[in-house]
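Notes follow once the structure below has been shown.
Each reported figure results from applying straightforward, stated rules to the coordinates on display, with no laboratory input. All figures in this text were calculated on a predicted structure; none of them were measured in a lab. Quick reminder, even Gly has a Cβ in these numbers, built from the backbone with ideal geometry, and neighbours come from all protein chains shown.
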Amino acid sequence: MKVIMAYCNLRADECLVNGKVVMRRDAGSEDSWFKQIYKQQELVYPKFYKMDVLSQAGYLASELIKRANPGIMEAYADDEIALVFANASSSAETDRRFVQSYAGGGSPSPSLFVYTLPNIVLGEIAILNKWYGENMFAVLPKFAPGFYLDYSEILLASGSRAVLCGWLEATAGRTDVFLFMVEEQENGTEFNAENLLHLSRTAAAF
Amino acid sequence: MIYIGAEVIVSPLGDNAEDNWQALSENRSGIALVPAAGFNKEDIHLAKITGLSGHLRFQQLVIKALASLEERIDASILASDRTIVLISSTKGALDDNLHDQFSETCTSVMQQFNLSHLPIVISNACISGVLALNVAGSMVETRQYEHVIVIGCDVASDFVLYGFQSLFAVSDKPCAPFDAARNGITLGEGCGAALISATKSVFKNPPLELLTGTSANDANHISGPSRTGEGLVRSVHRTMEKHGTGAEEIDFICAHGTGTVFNDEMEAIAFNRLSLADKPLNSLKGYFGHTLGAAGAIETIVCMQMMRNNMLIKSLGYCDAGTSQPLNIILENGPKKLRTILKTASGFGGGNASLMIRNL
């Protein structure tokens, strides 16, 4: 049976791992919300500071899943975990910042430009974990369980043994991040549309 | 069997696959010097479509390609709920709406062609086109859909040009993939579309067979190619293994070949590691420029035309060997029986993808 073994939700004001709130945003902090999570969770990966918001979101959620579920990734070879991510706004937040870098009399920023593609976050996660598996990033109008169900079915039937899925909406006004790990196991939360919708909204329920 | 056919290209070389083929067989390039196009008003070589201007250029191209494809198939399948459209693109309608680059095009295409499903956008940098074709083949293989239409499209923009200029990655002459004097990419715009289906009878002209492939990340760098070609090696290896295809069966390789020093070097290393270095190989970037999310679709379609015509097309812009490992780059057009070909792509984010096409 395909099951969701672990998941992480990042919302505007709270960070949840496997349905439990691990942190709430400090509205008085000068740090961005993602930087607050990075510091408070004592993560150490200096490249984090170079990343755009999409990559920061994917990095944080995937690291928190790994931390809360030790050994979850070790069961797989370096090309057996596929990454299937999607969102609605592509890399629009970083695109806007890149335009700002040159539209106001400045010069186009190469360090922003390299993040003006939504799939860069997949590269960041692959680099950090040394994963050589399948990658896909789709742009969809809204979170759609069927997309993950369909494409995971394809991947799990053709060489991948686990799929790290993600919905990554992270713009100036909106944080809606949901990462979940799909595996073949005998017990667990079944990987179906109903459960996915429920878990994606976990944060709102608490 | 998974069929692929009804192929369409809209590019600076023409509005359909046949006109594009005619241009390629005459080794005509779509690249031209555009005055003051650069960030500092430099003249820049670009492959732009004459007459494509104003608003909604992305949408115009996608609709034009799909309308042309519609004429080459049993058009009744478009409205079927067993049919879906995949659009592969990096920046979509960025110039029309920076904050929402795809919604309007997807909605318009759905309405205009009376589709049952909203198109799905696949955005994986320069491997988007090859990846979308693989997803399409897999969707048909697993019976999720009966028919999948892949439309790869990207349009030229200041945004992307200035970005590549900021990386010092734009060639000062038409790009010269694999050549010793190559020094960067030439950006292009265009659209390629094809139908992937398990039903042969929906194609008006005989289709070819799609041997769906795999993708693999380099796990190396977000904007620099791997020095070992590891991701590309793994992708091609798995694609060939999946279909039990031996190296001796590959008749031709349509490489990614962007014309940057490091990308082309990486590919040369990978093809040598794969024992495919002796295969006739080209890059089509010298004809179309780099069309980013459309490149994999457009170039796969050219492969199909090469197979239909049993003809190798020379790698435009190449003169002298310029990689540390040898490759068998096609120097002149020439006849060759093409039964099985390999198409590869690599891109930002460390992505690599490959597929094969077989002549029936």
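A few notes on this one:
- Yes/no for A:F178 being in a strand (DSSP E or B), in contact (Cβ under 8 Å) with a residue 12 or more places away in the chain and in contact with a Pro (Cβ under 9 Å, 6 or more places away or on another chain): no
- Number of the condition not met by A:E153 [criteria: (1) closer than 29 Å to B:A93 by Cβ; (2) among the charged types (D, E, K, R); (3) facing another protein chain (nearest Cβ under 7 Å)]: (1)
- Leading residue by the ranking (nearest to the other protein chains (Cβ to nearest Cβ)) among those in segment B:322-340 that are over 15 Å from B:L24 (Cβ atoms) and in contact with a strand residue (DSSP E or B) (Cβ under 8 Å, 6 or more places away or on another chain): B:T340
- Complete set of residues in segment A:149-173 that are surrounded by fewer than 17 Cβ atoms within 10 Å (Cβ to Cβ), hydrophobic (A, V, I, L, M, F, W, C), more than 25 Å from A:D52 (Cα to Cα) and touching a residue at least 60 places away in the same chain (Cβ under 8 Å): none
- Complete set of residues in segment B:140-168 that are under 30 Å from B:M1 (Cα atoms) and touching a strand residue (DSSP E or B) at 6+ places or on another chain (Cβ under 6 Å): B:V140, B:Y145, B:H147, B:V148, B:I149, B:V150, B:I151, B:G152, B:C153
- Only a single criterion out of (1) more than 28 Å from B:S223 (Cβ to Cβ); (2) touching a residue at least 60 places away in the same chain (Cβ under 8 Å); (3) surrounded by 20 or more Cβ atoms within 10 Å (Cβ to Cβ) is not satisfied by B:M139, namely (2).
- Residues in segment B:235-259 that are within 14 Å of chain A (Cβ to nearest Cβ) and surrounded by 24 or more Cβ atoms within 10 Å (Cβ to Cβ): 3 in all.
- Of everything in segment B:222-234 that is touching a residue at least 60 places away in the same chain (Cβ under 8 Å) and within 11 Å of chain A (Cβ to nearest Cβ), the residue that is nearest to the chain's Cα centre (by Cα) is B:L232.
- None of B:A180, B:A125, B:A176 is surrounded by fewer than 19 Cβ atoms within 10 Å (Cβ to Cβ), of a type outside the set (S, T, Y), more than 25 Å from B:L208 (Cβ to Cβ) and in contact (Cβ under 8 Å) with a residue 60 or more places away in the chain except B:A180.
- Residues being among the small types (G, A, S), within 22 Å of B:L284 (Cβ to Cβ) and not in a strand (DSSP E or B) - total across segment B:188-214: 1
- Of all residues making up segment B:53-92, the number that are outside any helix (DSSP H, G or I), among the small types (G, A, S) and under 22 Å from B:G296 (Cβ atoms): 3
- Here B:F168 fulfils each of the conditions (1) more than 15 Å from the chain's Cα centre (by Cα); (2) within 14 Å of chain A (Cβ to nearest Cβ); (3) under 23 Å from B:E18 (Cβ atoms) apart from (3).
- Selection from segment B:1-55 of residues that are in contact with a Pro (Cβ under 7 Å, 6 or more places away or on another chain), buried (at least 24 other Cβ atoms within 10 Å of the Cβ) and under 16 Å from B:C191 (Cβ atoms): B:G30, B:A47
- Answer residue from segment B:82-118, given it is more than 13 Å from every other protein chain (Cβ to nearest Cβ) and of a type outside the set (A, V, I, L, M) and is surrounded by the most Cβ atoms within 10 Å (Cβ to Cβ) among those: B:T83
- Boolean, B:A36 is in a loop (DSSP other than H, G, I, E, B), of a type in the set (A, V, I, L, M, F, W, C) and at positive phi: yes
- Those helices (runs of 4 or more DSSP H) of segment A:46-148 in which 3 or more residues are surrounded by 24 or more Cβ atoms within 10 Å (Cβ to Cβ), under 14 Å from the mean Cα position of the chain (by Cα) and more than 7 Å from every other protein chain (Cβ to nearest Cβ) occupy A:53-68.
- Scanning segment B:194-207 for residues that are over 8 Å from B:A6 (Cβ atoms) and either within 18 Å of the chain's Cα centre (by Cα) or of a type in the set (G, A, S) (or both) turns up B:I196, B:S197, B:A198, B:S201.
- Residues of segment B:53-90 classified as within 30 Å of A:A86 (Cα to Cα) and either touching a residue at least 60 places away in the same chain (Cβ under 8 Å) or touching an Asp or Glu at 6+ places or on another chain (Cβ under 9 Å) (or both), total: 24
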